[in-house]
Amino acid sequence: MATAKFETPALKPYPVIPLVAEGAMAHLKPFVASAAIQQNIGFPGELTEGWEQRALARMGELLGKYRSLRVYMDACVHCGACSDKCHYFLGTGDPKNMPVARQDLMRGVYRRYFTFAGKHFPKLVGATDLTREVFDDWYRYYHQCSECRRCSVFCPYGIDTAEVTMAAREIMDAAGLGQKYSNEIIGKVHRIGNNLGIPGPALEDTLLGLEEDTKDETGVDVRFPLDVQGAEVLLVTPSADFFSEPHVESLIGHAKVFHAAGVSWTLSAKASEAGNFGMFIGNYEQLRKIALRIREAALELGVKRIVVGECGHAWRVAYSFWNTLVGIGAGGKDPFAIELQNQLDGRYKQPMHICEFTHDLIQRGALKFDKEKNDGRIVTFHDSCNVARASRMGDLPGGQFTIPRDIIRAVANNFHDMAPGTIHEATFCCGGGGGLLTDDLLELRVKGALPRMEALKNVVDEHGVNFMATICAICKAQFSKVLPAYGFDMGMVGGVHQLVSKAIRLES
Ligand code: SF4
Ligand code: SF4
């Protein structure tokens, strides 16, 4: 199963819809969370007696709470417009990886228990009993969706398979069937403060090490401050930025930007993680609980601004959920949310993406660059799904596409976009998002990366591209792993602020 050998799909010069390969990915599912992992975050430990009732009760609750879910269940006309839009279908040929088929796994159960026709004439309307076999299929195929929302862009009814996947995962967790990777990480965030489980003292050491390295590189005392009371900006960044390559290069870039702009800033040991896997499992209580750490840190440190680093789903959570969940930005109504809204500086977007922050400084001429320092790089940009299709940046529509590209053009001389239809709102997922960045799903990750790898190959061949910039920690980790499978150098992926870091001019 998870360790089975598989072949990397061949790269083709143009996208080809694969032949349908029934059951091609039926052998693959992620490791199931242990009872301890489940119970640690408040879910039943396993699928014990009565799991069907627990699952249906949760499903009924979600259908009652989220009108959208009921609409998605009812509105699909099976037109097929979404069927060839998912990178996991394109990479595997498994028909259950067609978005409509993925939705139908839930739709059959919905019809059976929540519609008149399905209750009385199940065979006539494609209604399905909730059996263990059906639930196992849910577990497989709702963990072969990265919640990227590409299919929803092409659906004439705007049906969002990502929302269906999130609901399915929430229902499975409520019944006692959870995914080890995501749920273990959520437990770690609560216990230690970040996904990687880095304790405060280790973080402090790492940041001191980065100060020394940056001094060696530039001769300038660039600070990487931690828990500084009264700093202007709290930077919340994915914990991979502290240790992993190429992520750390962008963190160095963030520090240099703050230094060059003369803005006081700090990281927080308590909120040392921008990522929020509560979204991946579709659980709003976890989503809120994880986000609350950031509010607490902001209140304790007395900061005036909250800036989010290069992390795709973290930005989606920050942009789309923080306001009403925890009151960062207008929305939250509890006393702490109101206190924070009064504390934060209303002249700025709250929260703000680091790209908005840097872009604004560039627009105002507050940063100087030696662009030729990036001349060894011929750059392309991978739009990360959660930024592209689930958030915005800046004041203009499409700012999430133009702002990172403007920054790249300001710091590098050679930039080439990949083909239309593979970028902006139609971007292809890296293949590892949505809680799938785990080695037990490596086959899916490699195969799901196929459409992006094909688009990359085209600009490599046409323009000699040798660097793919992105603003997502998961994309960086996923590409580092799968690029070699397609014959590319793993070092050709990096952050936008990695390019900024190289070119920025610093003064002591
Ligand atoms: S949300 Fe993305 S991964 Fe999920 S079915 Fe749609 S295209 Fe596929
Ligand atoms: S495009 Fe929309 S309506 Fe058509 S099959 Fe897909 S989900 Fe259903």
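The values are calculated or read from the model by the stated rules, or taken from the named source; none is laboratory data. Just so you know, these numbers come straight off a predicted model, no measurement behind them. With ideal geometry, Cβ positions are generated from the backbone for all residues, glycine too; neighbour counts draw on all protein chains shown. Please note that ligands, DNA and RNA were not included when accessible areas were found on the heavy atoms of the full protein model with its side chains. Shrake-Rupley method; radii C 1.70, N 1.55, O 1.52, S 1.80 Å.
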Å³ per residue of the Cα convex hull, for the chain? 141
With angles folded into 0 to 90 degrees, how steeply does helix 99-114 sit against the dominant principal axis of the chain? Use alpha carbons for both and round to 10. 50
Angle in degrees between helix 180-192 and the longest Cα principal axis of the chain, rounded to the nearest 10: 40
Among rounded, prolate and oblate, which fits the range 226-268 when a ≥ b ≥ c are the square roots of the eigenvalues of its C-alpha gyration tensor, a/c under 1.5 means rounded, and a/b larger than b/c means prolate? oblate
According to the Cβ-distance criterion of 4.7 Å, cysteines of the chain with no possible disulfide partner are CYS76, CYS79, CYS86, CYS145, CYS155, CYS311, CYS355
Kindly state, to the nearest 0.05, the FRET efficiency for GLU133 paired with CYS79, given R0 = 25 Å and r defined as their beta-carbon distance. 0.35
Quantify, in whole percent, the carbon and sulfur part of the accessible surface of the chain (1.4 Å probe; protein heavy atoms only). 53
On a C-alpha basis, how far is the centre of the range 277-294 from the centre of the range 343-385 in Å? Whole number, if you could? 27
Which whole-Hz ³J(HN,Hα) couplings does the range 21-36 yield from phi under the Karplus relation 6.51 cos²θ - 1.76 cosθ + 1.60, θ = phi - 60°, glycine and proline marked x? 10, 3, x, 4, 10, 5, 7, 9, 8, x, 4, 7, 5, 6, 4, 5
Yeah, the range 401-467 with a ≥ b ≥ c from its alpha-carbon gyration tensor (a/c under 1.5 is rounded, else prolate when a/b outruns b/c, oblate otherwise) is prolate
Expected vector for the range 171-179, Karplus 3J(HN,Hα) from phi with 6.51, -1.76, 1.60 and θ = phi - 60°, integer Hz, x for Gly and Pro, equals 5, 5, 4, 5, 7, x, 10, x, 8
What ranking, highest mean first, results for peptides 39-46, 390-397, 499-506 when packing means the other Cβ atoms within 10 Å averaged over each residue? 499-506, 39-46, 390-397
Per residue, how large is the accessible surface of the chain? Use a 1.4 angstrom probe and give square angstrom. 38
5 Å-binned pair-distance histogram of the range 193-360 (Cα, whole percent): 2, 9, 19, 23, 22, 14, 7, 3, 1, 0
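To the nearest 500 deg cm²/dmol, what mean residue ellipticity at 222 nm is calculated for the chain from DSSP H runs of n ≥ 4 alone, each contributing -39,500 (n - 2.57), summed and divided by the residues? Write out the running numbers ahead of the final one.
On the way: 24 runs with 247 residues, N = 508.
That comes out to -14500 deg cm²/dmol.
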The range 35-178: percent of C-alpha pairs farther apart than 20 Å? 46
Can you give the Kirkwood hydrodynamic radius for the range 6-118, in Å, rounded to one decimal and based on Cα pairs? 17.0
Whole-Hz couplings from phi, Karplus 6.51/-1.76/1.60, listed for the range 497-508; x for Gly and Pro: 6, 5, 5, 4, 4, 5, 9, 5, 8, 10, 10, 5
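Which order do the peptides 75-83, 92-100 take when ranked by the mean count of other beta-carbon atoms within 10 Å per residue, highest first?
92-100, 75-83
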Going highest first, how would you order 9-17, 60-68 by mean Cβ packing within 10 Å? 60-68, 9-17
Paramagnetic reach from GLU372 (point 7 Å along Cα→Cβ, amide N under 20 Å) across the range 476-508: 499-507
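Pairs of Cα atoms under 8 Å, at least six residues apart: use those to get the relative contact order of the range 364-503, whole percent. Could the numbers behind the result be given before it?
Details: 203 pairs, mean separation 44.6, N = 140.
Contact order relative to length: 32 percent.
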For GLN179, the residues 5 or more places away or on another chain with a placed amide H closer than 5 Å to its own amide H are ALA33
